[in-house]
C-alpha cells in the first residue's frame, strides 16, 4: 500500500499547484509567482514609452511643417494612415528581415502606429487657434516663430495631449504583441501559457493597469501645463 499512496500524493498535489493544474483562477498561485511578472512589466513600460516619445517627436516636426505648408497635410496623413492600417503582427514579421529580432523591430513598428494619431491631433489643435488671436500676436510684434511657440502650440495643448493619451493607450495594447518580434513584454507571459486563466488574468490585468496609469499621468501633466484652463473652470 505504500507505493500506491505515494503515487496518489504525487498525482494529486494540494494548494496552489492543484489549482494551477485544474486551470482555475488561483489567487494563491498569483501571490507566490508575482515576481515573474516584474521583468516583463518593465519591458512593457519601455516598449510603450520609447515608441510614444519617438512618435511624438516625429509627429510634432511633421505637424509644424504641415502647418506652414498646408498642402503637405494630405500626403502625410495618407502615408501615416497606410502605416496605421498594416496589421500589427504582420508589421512585426515584415520588419524582421530588415531589423532582425528584438527591440528595434518592435519599436519601429510601434512608432509607425503612433504617427497618424498624434499628427492629426497636433495639426487640428494648431488650426483651431482663433485667427484673431494669431493676428493680435502678430500685431504686437511677434514673429511667426514666436507666434507658433508662444501662442499656437500652448493653445493647442489640450488637443495635443488628447492625441498623446490615445496613442499611449493604443501602444500599451499593441506592445503585448511585440513578443512576435522577440522583444518581450507582458505578451511573453500570455503567449507562454495562454490557456492558464491566472497567468492571462495577471498579465492582461497589468497591461490594463499600465494603460490607466499612463493616462492618469498624462492627464495630470495636461492640468499642470494648462493653468489657464483650471482658472477658467
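The values are calculated or read from the model by the stated rules, or taken from the named source; none is laboratory data. All values reported here derive from a predicted model rather than from experimental measurement. All Cβ positions, glycine included, derive from the backbone under ideal geometry; neighbour counts span all protein chains shown.
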* State yes or no: is residue 137 at pLDDT below 95, in contact with a helix residue (DSSP H, G or I) (Cβ under 7 Å, 6 or more places away or on another chain), within 24 Å of residue 49 (Cβ to Cβ) and buried (at least 16 other Cβ atoms within 10 Å of the Cβ)? => no
* Asked: Give me the pairs: first residue in segment 207-233 and on the phi < 0 side of the Ramachandran plot and exposed (fewer than 10 other Cβ atoms within 10 Å of the Cβ), second residue at pLDDT 80 or above and in a helix (DSSP H, G or I), beta-carbon distance under 8 Å, and six or more apart or on different chains, which are they?
  -> 230/223
* Residue count, segment 121-134 (criterion: without any contact (Cβ under 8 Å) to a residue 40 or more places away in the chain, closer than 16 Å to residue 65 by Cα and crowded, with 16+ Cβ neighbours inside 10 Å) -> 1
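May I ask you to verify whether residue 62 is assigned to a helix (DSSP H, G or I), surrounded by 19 or more Cβ atoms within 10 Å (Cβ to Cβ) and touching a helix residue (DSSP H, G or I) at 6+ places or on another chain (Cβ under 7 Å)? Before the answer, list the steps.
Working: assigned to a helix (DSSP H, G or I): yes; surrounded by 19 or more Cβ atoms within 10 Å (Cβ to Cβ): yes; touching a helix residue (DSSP H, G or I) at 6+ places or on another chain (Cβ under 7 Å): yes.
Considered against the rule, which asks whether it is assigned to a helix (DSSP H, G or I), surrounded by 19 or more Cβ atoms within 10 Å (Cβ to Cβ) and touching a helix residue (DSSP H, G or I) at 6+ places or on another chain (Cβ under 7 Å), residue 62 comes out as yes.
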* **Tabulated pairs, segment 96-110, first at positive phi and at pLDDT 90 or above, second surrounded by fewer than 14 Cβ atoms within 10 Å (Cβ to Cβ) and assigned to a helix (DSSP H, G or I), C-beta under 6 angstrom, 6+ apart or interchain** => none
* To do: Looking only at segment 72-79, decide whether some residue is part of a helix (DSSP H, G or I), under 22 Å from the mean Cα position of the chain (by Cα) and touching a residue at least 24 places away in the same chain (Cβ under 8 Å).
  => yes
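Is one or more of the residues making up segment 126-137 in a helix (DSSP H, G or I) and under 18 Å from residue 56 (Cβ atoms)? Let's see the steps before the verdict.
As a first pass, look at segment 126-137 and keep what is in a helix (DSSP H, G or I): 126-127, 131-137.
Still in the running and under 18 Å from residue 56 (Cβ atoms): 126.
Yes, segment 126-137 has at least one match.
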* **helices (runs of 4 or more DSSP H) wholly inside segment 185-233 containing at least 1 residues that are at pLDDT below 75 and more than 27 Å from residue 104 (Cβ to Cβ)** => 197-225, 227-232
